[in-house]
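In what follows, a structure is listed as structure tokens, so that the remarks can point back to it.
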Amino acid sequence: MQGETDINSPVWREIQREGTKLVYRAGTFIDISGKHQLDMYCLEKGSVRIVFDTLEGRHRALMTFEPGGIFNLACALTQKDASGLYQCIRDSVIWRVPGTLLHDERGVTDCPALAAYALRQMGTVALIHSTFLSDMLMDDFVIRFCRYLVSLTMRHGGSEFPLGMTQDRCAAMLGVHRATLCRAIQHLKRKGIIECFRRGKVRVLDPDRLRELAGM
């Protein structure tokens with residue numbers, strides 16, 4: 001994720017006026033704690049990624065910020081702390097700006113360019129997270145749909161049989177929107193696992209691959 005990189009732009013003039021310049025070496029974890037844990041951090045140069053600890057004790061990267069990106073923005077806007085660590089991938093120049101600037105009319109009036117920019121950045125972050133969650137949920141449904149198909153092949157004793165219901169009815173039974181079911185069907189068709197999935201005919205082309213995707 002990146003953004004405005006012109007250091008002479010109105011946004012960066014306000015960032016430099018209100019912020020504190022920080023320099024970090026590649027590999028460094030940025031200390032966002034204490035009185036600065038609810039501030040926003042504006043990346044002038046370098047690259048920073050947000051990572052989370054997995055249950056296995058490993059770091060998993062969720063998002064990378066490039067020049068012009070603002071991180072810890074949700075915490076600054078809500079004044080609530082969140083989990084996650086920020087690590088510099090490359091040598092980085094970062095400006096720490098008080099999150100309180102965005103909490104009242106005076107702060108927004110004093111830094112109108114930064115306030116508008118922060119809203120656009122937050123909207124981009126929200127869109128990225130929404131897409132990530134949608135894809136993750138879609139992956140979960142594909143697994144569930146594959147298990148449903150496996151159960152149908154077992155019930156009918158073969159790889160070709162009538163579904164016996166409309167796709168609308170099937171989607172409702174599986175607890176998803178018709179569009180979600182259609183995406184899953186098209187996904188399996190592209191992989192050559194099924195040929196068709198409709199009321200009068202379901203045909204599975206690759207039962208072994210279907211079971212593999214179903215985790216069975």
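The values are calculated or read from the model by the stated rules, or taken from the named source; none is laboratory data. Everything numeric here is computed off the predicted structure, so don't read it as measured data. For neighbour counting, all protein chains shown are included, and Cβ atoms are generated from backbone atoms with ideal geometry for every residue, glycine included.
Residues that are among the aliphatic types (A, V, I, L, M), surrounded by 13 or more Cβ atoms within 10 Å (Cβ to Cβ) and free of Cβ contacts under 8 Å to residues at least 40 places away in the same chain within region 144-164 comprise just one, 163.
Of the candidates 143, 70, the single residue that is hydrophobic (A, V, I, L, M, F, W, C), closer than 30 Å to residue 30 by Cβ and out of contact with any His (no Cβ under 7 Å at 6 or more places or on another chain) is 70. Annotation note: of 76, 82, the sole residue that is surrounded by 14 or more Cβ atoms within 10 Å (Cβ to Cβ) and modelled with pLDDT under 90 is 76.
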